[in-house]
Amino acid sequence: MKKMKINNGRGDDSIHRLFFCLVEKGILVKQYYIKKPHVLYVNTNQGMKIIKKYRYENTINRNFQFIQALKQHGFNATINFEPFSDGEVVIKTRGEVWGIMPYLQTKSPVSYEQSHHRKRVIELLHSYHKTAAFAWYDVKDIFPMYELTHVWQKRLASFIHHNKLIESIIGKRTYKVIEELCQNSLVTMHKYEHEGQKHQHTIIHGDTASHNFLRGVNNDYYLIDFDCAAQSTFFTDYIQLAQRFLLQEDFSIEKLLKEEGMSNLFHLPYFAAALRFPAMLLLPWYIRLTSISPSYKELIQLKQWTEKQAIKAELTNREILRIFPNI
């Protein structure tokens, strides 16, 4: 962690309004470090904490209730918001909402490049889904539905809508490769969509990126940040996780089939069909085109990364069709 700043009352008004509200709740911030614009690490009279800003108060309350339910059903490998003495878990400061949680001392970050990290992540996700199947009954009414094909169709529609701009950056051929991979995958996913309807819905985590798995100093693994949690079928999380694995250098479908805890999912044609969709390739374009204005440097970096990943996505698609010719 970078060096913390002393809380001397100077600096960002928004942050110091937050600190003042904390004092009213009995928490005195001595030092702080801005990890991200919406994430603070703080040293307080009650120990080290993480404070995170949210767009909606409901997100904090929903996550708090869900994690409580998970813990009640025996899943403790996560971190929950801490309620204040008045029972509230939300801090409100002039239109901003914040939640506070304990800081977990960790080892080096989880990396999907390392096989033993992948193994522990899959084991933890299995454990989470076993518990979430029970917790779902307690909290299902407070979570939105998540339909994978609908989300991906929306991202593809945005990609196509901006086709002229994207083509001018990555070229017509790369653009065409990506669009065709997406279209062909969605056709096949719709063909096998009835499979998903056979599986009971649960609460998926919704963002199985490596940074949402932590390694504690005791080498226990933790699953954090349920901001994207929603009702869906359990394998939605594994589709996303598998696609993140495939982003790694030299990682292939053949290797994925040998990954303990993942290979059994390939008996579902829907799962294999979903891996043909280059979702992780589309995601950064969707974020940049719908929420922020990227700089020239960022666009060049995105262009280079996209061209590299498009080639890999083509090879992955061919490999899937070779191994599963009926998909």
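The values are calculated or read from the model by the stated rules, or taken from the named source; none is laboratory data. Only a predicted model underlies this, so the values are computations on that prediction, with no experimental measurement involved. Areas reflect the complete protein model, heavy atoms only, side chains present, ligands, DNA and RNA absent. Shrake-Rupley method; radii C 1.70, N 1.55, O 1.52, S 1.80 Å.
On full extension of the chain, what length is gained from HIS161 through GLN72, given 0.36 nm per residue of separation minus the C-alpha to C-alpha distance?
27.5 nm
Quick one: Kirkwood hydrodynamic radius for the stretch 24-136, alpha-carbon pairs, angstrom, one decimal?
Result for the stretch 24-136, one decimal place: 15.9 Å.
Would you mind telling me the antiparallel percentage of the DSSP bridges in the chain, rounded to 5?
The antiparallel proportion sits near 95 percent.
Within the P(r) computed for the stretch 150-189, what percentage of the Cα pairs occupies the region above 10 Å?
When all Cα pairs of the stretch 150-189 are counted, 70 percent exceed 10 Å.
How big is the Rg/Rh ratio for the stretch 160-247, C-alpha atoms only, Rh by Kirkwood, two decimals? If you can, show how the numbers build up before the last one.
On the way: Rg = 17.4 Å, Rh = 16.0 Å.
Using Cα coordinates only, the ratio equals 1.09.
Taking one equal scatterer on every alpha-carbon of the stretch 172-327, how large is log10 of I(q)/I(0) by Debye at q = 0.10, 0.12, 0.14 1/Å?
Normalising to I(0) and taking log10 leaves -0.40, -0.59, -0.80.
Compute the acute angle (0 to 90°) between the alpha-carbon long axis of helix 148-161 and the principal axis of greatest extent of the alpha-carbon atoms of the chain; round to the nearest 10°.
Taking the Cα atoms of the chain, the angle to 148-161 is about 80 degrees.
Could you grab the Rg to Rh ratio for the chain? Cα atoms only, Kirkwood for Rh.
Rg/Rh for the chain comes to 0.99.
Just want to confirm a number: the relative contact order over the chain, from Cα pairs under 8 angstrom separated by 6+ residues, in percent.
Once normalised by length, the contact order is 16 percent.
Roughly speaking, what is the centre-to-centre gap between the stretch 44-91 and the stretch 248-327 when only Cα atoms are used, to the nearest Å?
33 Å
Do the alpha carbons of any pairs in LYS49/LYS92; LYS52/LYS297; LYS36/LYS119; LYS25/LYS107; LYS154/LYS176 sit beyond 24 Å of each other, and which pairs? Display every interim value, and only then the final one.
Working: LYS49/LYS92 17 Å; LYS52/LYS297 29 Å; LYS36/LYS119 29 Å; LYS25/LYS107 31 Å; LYS154/LYS176 18 Å.
Table pairs above 24 Å Cα-Cα are LYS52/LYS297; LYS36/LYS119; LYS25/LYS107.
Provide the descending list of Cα extents for the stretch 197-268 along its principal axes, expressed in whole angstroms.
The principal-axis extents, from largest down, are 35, 33, 19 Å.
From the P(r) of the stretch 82-198, can you give the percent of Cα pairs sitting at distances over 24 Å?
Value for the stretch 82-198: 64 percent of Cα pairs lie more than 24 Å apart.
How much accessible surface area, in Å² rounded to 10, belongs to the heavy atoms of HIS161 with a 1.4 Å probe?
Probe radius 1.4 Å; accessible area of HIS161 about 140 Å².
Taking only DSSP H segments of four or more residues, each worth -39500 (n - 2.57), what value at 222 nm results for the chain once the sum is divided by all its residues, to the nearest 500 deg cm²/dmol?
-16000 deg cm²/dmol
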